[in-house]
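Before any comments, here is the structure.
The values are calculated or read from the model by the stated rules, or taken from the named source; none is laboratory data. All figures in this text were calculated on a predicted structure; none of them were measured in a lab. Heads up, the Cβs are rebuilt from the backbone with ideal geometry, glycines too, and the neighbour counts pull from every protein chain shown.
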Amino acid sequence: MRTTAGDRVLPSEEVKSSIRRRIAEGGWQPGMRLPSERELVQQFGCARMTVHRALRELEDEGLIERRQGSGSYVAQLHPISNLLQVRDIHEEIAERGHNHVTRVLSVRREKAGADVAAAMRLRKGTAVFHALLVHLENGVPIQLEDRHVNPALAPDFMQRDFAVVTPSHVLFQHAPLTEAEQVIEAVLADAEQASALDVAPGSALLMVSRRTVSQGAVASIARLYHPGTRFRLIGRFSV
């Protein structure tokens, strides 16, 4: 089908959003071949260049794979690589043969402030979910989890019982990781953090700031605070 000047042309962002939505809702499963560019042009009623650009950008985001002479396929959304492990703290504690308990401090819906909105690539004032939890290992607090979640990627987040399931587990179910970043720094505990972690105010904490992305959208940002005397991070790399 050849497009003409009178054809309706959709911006590539709109085409991308539609394809991303079909994948997210399960209409197109991992490994499935997408319609050809020509078929997508017919479906969207837009220029072939628009479809080509949308597919190229989705490939850059890791959502699809384009195979020479074969077409475009929905990518397999594997967990993040070993260079950056994003794991459920419950599984980590269980692997050590220890008991994990979560103390839920608060879970609420709120409007994103300027800093949270910028980190989550949302407009200021957009509704987000905010969870504040303490994770205990054999009865000892080892992590204060301060997490904001994008409702569009985990709509039932507020209905989950976080004394039973962790936010990470819920996010892994709804929003498989395609990208992540984290920053590690030392901070001093304020009064609220000290109380939650059962340490003295001003104690040294190890803070991990983490942002996870799924299918091009920020799923969550988290600040994970750990008492410096009870926690250590280990990284391994091999070629």
Qualifying residue in the stretch 137-146 (condition: in a strand (DSSP E or B), at pLDDT 95 or above, among the β-branched types (V, I, T) and over 15 Å from the mean Cα position of the chain (by Cα)): no
Residue in the stretch 147-156 that is at pLDDT 95 or above and over 20 Å from A219 (Cβ atoms) present: no
Pairs, first farther than 18 Å from P30 by Cβ in the stretch 168-182, second at pLDDT below 85 and of a type in the set (D, E), C-beta under 7 Å, six or more apart: S168/D88; H169/D88
Any hit, the stretch 186-194, residues being within 20 Å of D88 (Cβ to Cβ) and among the aliphatic types (A, V, I, L, M): no
Selection within the stretch 99-116 - assigned to a strand (DSSP E or B), loosely packed, with under 11 Cβ neighbours inside 10 Å and under 20 Å from the mean Cα position of the chain (by Cα): R108
Test: H100 is in contact with a His (Cβ under 6 Å, 6 or more places away or on another chain), of a type outside the set (A, V, I, L, M) and without any contact (Cβ under 8 Å) to a residue 40 or more places away in the chain: yes
Complete set of residues in the stretch 184-221 that are under 10 Å from the mean Cα position of the chain (by Cα) and aliphatic (A, V, I, L, M): V213, A217, V218, A219, I221
Selection count where residues are of a type in the set (K, R) and part of a loop (DSSP other than H, G, I, E, B), scope the stretch 147-190: 1
